[in-house]
Amino acid sequence: MKTIMESGFRLALGAMLLVGLQQSAVASRIKMDVGMASTVVSADKKQVGYLKVGLTGFELSSEKRTPVNVAIVIDRSGSMHGEKIAKAREAAILAVDRLNADDIVSVVAYNDTVSVLVPATKVSDREAIRAGIERLDANGSTALFAGVSKGADEVRKFISRGRVNRVILVSDGLANVGPSSPSALADLGAALAKERIGVTTIGLGLDYNEDLMTQLARKSDGNSGFANTSADLVRLMKAEFGDVLAVVAQELVVRIDCADGIRPIRVLGREAEIAGQTVRVQMNQLNAGQEKYVLLEVELPATRSGKTLEVASAKVSYANMATRSTDTLTGAARVRFSDAQGDIEASADREVMIAVVTQTAVERSKLAVELRDKGRIEEAHAVLTDNGSYLRTNASKFESKDLGTYSKQQELDAKNLDEANWNRQRKDMRYNQRSAEQQQSY
């Protein structure tokens, strides 16, 4: 009897352990949601629909976080003299203090030339790293391209799929030595993305080129920030390292295969490859608790009432930084066609619609910047005012605090198009556009 009871106990214990392992495995997988802005659409007419593939990072304890390999690249040109370079040193030291002995850090400074103040090294001798950062001074011109390239060289020394590989650039000026156009820096960002190196750009003050910095970040799927003051630089560096230390998934590839008769039009806010019925989007990283999404605009065929169509299937693969495995998730989205307007309105998916409104508003905001750049101030003002109203209406409709906040921001943007305020306002707008497009965490 005792043997039978012991066997039963062992079986029960084994089953409990198996369930626990299964639950742990599920907890360590990102969540994917595939949905349409409206699951019921108008019958008998060709129309546009929106499909969202949302990815949410799982929670990860600090003890199990992914080790990082980061290069901090700091502009040391003459315009950084005084408080700016002092705050850059402070921000870099605070960032290093958040790392542990398994992490790798390097510090690169540039003006006319590039200097490696701290070669890529494990964070074991903190005093030596701090001493290297303290050597930062400011003089000379701005070889931004060369500075980022050297930072990437330091990252390459220890590049690994098991680490978060990132270059963090801080600059207050224009690139005036070496390649200096937004397109040249965009090409550099795209090339680094292929090596799994993201580039975060933090612009300091009102003299840097926000288009250049934004393109570099965008093409590498990195973050971008605008520090209006030296104190803002410290805040943004803290936020950036909060992002770096929270990565749970890398090398995310989203593939959407549209069904026959469904035409993919474009992806809003992200770089995408559309070939026939297939759409591919790559993302560098996803953080714990963060949602990033792909929003695809599609054309739906005219279809009779009562019929249901599959719009698309979605497949996501990614490198799981907790389990060190490659995971795959799948899903699909469908719509039903109807003549009942009430059914159509009731089928709206709140979260997908908020994403659609957000990305639509970003496009309008970018149009306003283009108009203002051409001196068409009244037209830019009208676009931003209308955009604020559009966001406010939808904030109320979908009970969205974020849309309400964006509405107020657009109304503020509309009031600051004059020559005295435009330089700062443009930087704010580019930062907000980038953050919304890429679902940046700060």
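The values are calculated or read from the model by the stated rules, or taken from the named source; none is laboratory data. Note that the structure is predicted; figures quoted are calculated from it, not measured. Note: ideal-geometry Cβ built from the backbone for every residue, glycine included; neighbour counts use all protein chains shown.
Brief remarks follow.
- In the set (1) over 18 Å from GLY189 (Cα atoms); (2) modelled with pLDDT under 95, VAL247 fails one condition alone, (2).
- Residue pairs whose Cβ atoms lie under 6 Å apart, separated by 6 or more positions or on different chains, with the first residue in segment 136-150 and assigned by TED's automatic domain parsing to the domain that holds THR200 and the second crowded, with 19+ Cβ neighbours inside 10 Å and part of a helix (DSSP H, G or I), are LEU136/ILE85; ALA138/MET80; ALA138/ILE85.
- Of all residues in segment 27-43, none satisfies being at pLDDT below 95 and exposed (fewer than 11 other Cβ atoms within 10 Å of the Cβ).
- Some residue of segment 274-293 being in a strand (DSSP E or B), touching a Phe, Trp or Tyr at 6+ places or on another chain (Cβ under 9 Å) and either farther than 17 Å from VAL164 by Cα or among the aromatic types (Phe, Trp, Tyr) (or both): no
- Filter pass, ILE133 being touching a residue at least 24 places away in the same chain (Cβ under 8 Å), surrounded by 15 or more Cβ atoms within 10 Å (Cβ to Cβ), in contact with a Leu (Cβ under 8 Å, 6 or more places away or on another chain) and part of a helix (DSSP H, G or I): yes
Residues checked against (1) modelled with pLDDT under 95; (2) more than 28 Å from LYS122 (Cβ to Cβ); (3) in contact with a helix residue (DSSP H, G or I) (Cβ under 6 Å, 6 or more places away or on another chain); (4) assigned to a helix (DSSP H, G or I):
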| residue | (1), (2), (3), (4) |
| --- | --- |
| GLY49 | no, yes, no, no |
| LYS52 | no, yes, yes, no |
| GLU63 | yes, no, no, yes |
| SER79 | yes, yes, no, yes |
| ALA101 | yes, no, no, no |
| SER106 | no, no, yes, no |
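- Qualifying residue in segment 158-174 (condition: touching a strand residue (DSSP E or B) at 6+ places or on another chain (Cβ under 8 Å), loosely packed, with under 15 Cβ neighbours inside 10 Å and in the same structural domain as SER220 (by TED's automatic domain parsing)): yes
- Consider segment 248-301 and keep the residues that are of a type in the set (Lys, Arg) and surrounded by 20 or more Cβ atoms within 10 Å (Cβ to Cβ). The one that is farthest from THR360 (Cα to Cα) is LYS292.
- Test: VAL362 is outside any helix (DSSP H, G or I), in contact with an Asp or Glu (Cβ under 9 Å, 6 or more places away or on another chain) and either under 20 Å from VAL294 (Cβ atoms) or touching a residue at least 12 places away in the same chain (Cβ under 8 Å) (or both): no
- Some residue of segment 236-244 being under 21 Å from LYS52 (Cβ atoms) and buried (at least 16 other Cβ atoms within 10 Å of the Cβ): no
- Residues that are touching a helix residue (DSSP H, G or I) at 6+ places or on another chain (Cβ under 7 Å), among the polar types (S, T, N, Q), farther than 17 Å from SER224 by Cβ and touching a residue at least 12 places away in the same chain (Cβ under 8 Å) do occur in segment 409-425, at least one of them.
- Condition met for ASP243 (more than 22 Å from ASN423 (Cα to Cα), part of a loop (DSSP other than H, G, I, E, B) and within 15 Å of the chain's Cα centre (by Cα)): no
- Enumeration of residues in segment 136-171 that are assigned to a loop (DSSP other than H, G, I, E, B), within 24 Å of the chain's Cα centre (by Cα) and among the β-branched types (Val, Ile, Thr): ILE159
- Selection of segment 175-208 for residues being within 21 Å of SER160 (Cβ to Cβ) and either buried (at least 19 other Cβ atoms within 10 Å of the Cβ) or modelled with pLDDT under 90 (or both) yields GLY189, LEU192, ALA193, ARG196, ILE197, GLY198, VAL199, THR200.
- Of the residues making up segment 58-117, those that are among the hydrophobic types (A, V, I, L, M, F, W, C) and touching a Ser or Thr at 6+ places or on another chain (Cβ under 6 Å) are PHE58, ALA71, ALA101, ALA109.
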